[in-house]
1. I'd like to verify a number: residues in region 4-32 that are more than 12 Å from the chain's Cα centre (by Cα) and small (Gly, Ala, Ser), how many?
2. State all residues of region 81-112 that are crowded, with 17+ Cβ neighbours inside 10 Å, more than 21 Å from Glu3 (Cβ to Cβ) and not aliphatic (A, V, I, L, M); if no residue qualifies, say none.
3. What pairs come out if I take residues in region 22-42 that are in contact (Cβ under 8 Å) with a residue 12 or more places away in the chain and under 17 Å from Pro72 (Cβ atoms) and pair them with residues that are part of a helix (DSSP H, G or I) and of a type in the set (D, E, K, R) whose C-beta lies under 9 Å away, six or more apart or interchain?
4. Please work out which residue is surrounded by the most Cβ atoms within 10 Å (Cβ to Cβ), limiting yourself to region 1-31 and to residues that are among the β-branched types (Val, Ile, Thr) and in a helix (DSSP H, G or I).
5. Looking at the structure I just gave you, is Thr52 at negative phi, among the polar types (S, T, N, Q) and either in contact with a Ser or Thr (Cβ under 8 Å, 6 or more places away or on another chain) or without any contact (Cβ under 8 Å) to a residue 12 or more places away in the chain (or both)?
6. Condition (residue is among the acidic types (Asp, Glu), within 25 Å of Leu113 (Cβ to Cβ) and in contact (Cβ under 8 Å) with a residue 12 or more places away in the chain) applied to region 55-69: is it met by at least one residue?
7. Which of the residues that make up region 48-78 are within 16 Å of Ala101 (Cβ to Cβ) and either assigned to a loop (DSSP other than H, G, I, E, B) or at pLDDT below 80 (or both)?
8. Name the residues in region 32-48 that are of a type outside the set (Val, Ile, Thr) and surrounded by fewer than 18 Cβ atoms within 10 Å (Cβ to Cβ), would you?
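The values are calculated or read from the model by the stated rules, or taken from the named source; none is laboratory data. Fair warning: this is a prediction, and the values are worked out from it, not measured in the lab. All Cβ positions, even for glycine, are placed from backbone atoms using ideal geometry, and neighbour counts span all protein chains on display.
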Amino acid sequence: MKEIKDRKDIEIMVDTFYTAVRKDDLLGPIFNGIIKDNWSQHLDTMYRFWQTVLLHEYAYKGSPFMPHRKLPINEQHFDRWLQLFKSSIDENFKGKAADEAKWRAEKMAEMFLIKLNNKSF
C-alpha cells in the first residue's frame, strides 16, 4: 500500500471506487442511469475534484452539490457510497491523504444530506 501523492494515484482511487459503484445493486442503477455513456467525462471531473482537494493542485472549478440536488437519493445511498469509497481507498492506499479523503467524503455526505433535506436548493 502506498500514499496518495500524485494525479496517477488519484486516478487509481477514483477508478477503483467507480468500478465498485457501477456494479453496486443500490448505486449502480442511479449512476449508470444519469451518466449513461459519459463515464470518461465524469471520471475526469472526479480526478480534477480530488486532485484539487487532496493535492492542492487547483484543477477543479464548480459546485459539487448542484449536480446531485435532484437525484433520487437518501441516507441509505450515502451510507453505501461512503462504504464503497472507504473500501476503495483502504484497498490501495494509506497515510495522511488517504485519511483526509475518507474524512472529506464523510463531511461531503453529511453536507449533501443536510442540503437535500432542506428543499430550498
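1. 1
2. Trp81, Phe112
3. Asp24/Arg80; Leu26/Arg80; Leu27/Arg80; Phe31/Arg22
4. Ranking the qualifying residues of region 1-31, first place goes to Ile10.
5. Numbers: at negative phi: yes; among the polar types (S, T, N, Q): yes; either in contact with a Ser or Thr (Cβ under 8 Å, 6 or more places away or on another chain) or without any contact (Cβ under 8 Å) to a residue 12 or more places away in the chain (or both): yes.
When the stated conditions are applied, Thr52 passes them.
6. So the first thing to find is which residues in region 55-69 are among the acidic types (Asp, Glu), and the list is 57.
In the following step, the residues that additionally are within 25 Å of Leu113 (Cβ to Cβ) were identified as none.
No, that holds for no residue.
7. Passing the criteria: His56, Glu57, Ala59, Tyr60, Pro64.
8. Of region 32-48, the ones of a type outside the set (Val, Ile, Thr) are 32-33, 36-44, 46-48.
Within region 32-48, Asn32, Gly33, Lys36, Asp37, Asn38, Trp39, Ser40, Gln41, His42, Leu43, Asp44 qualify.
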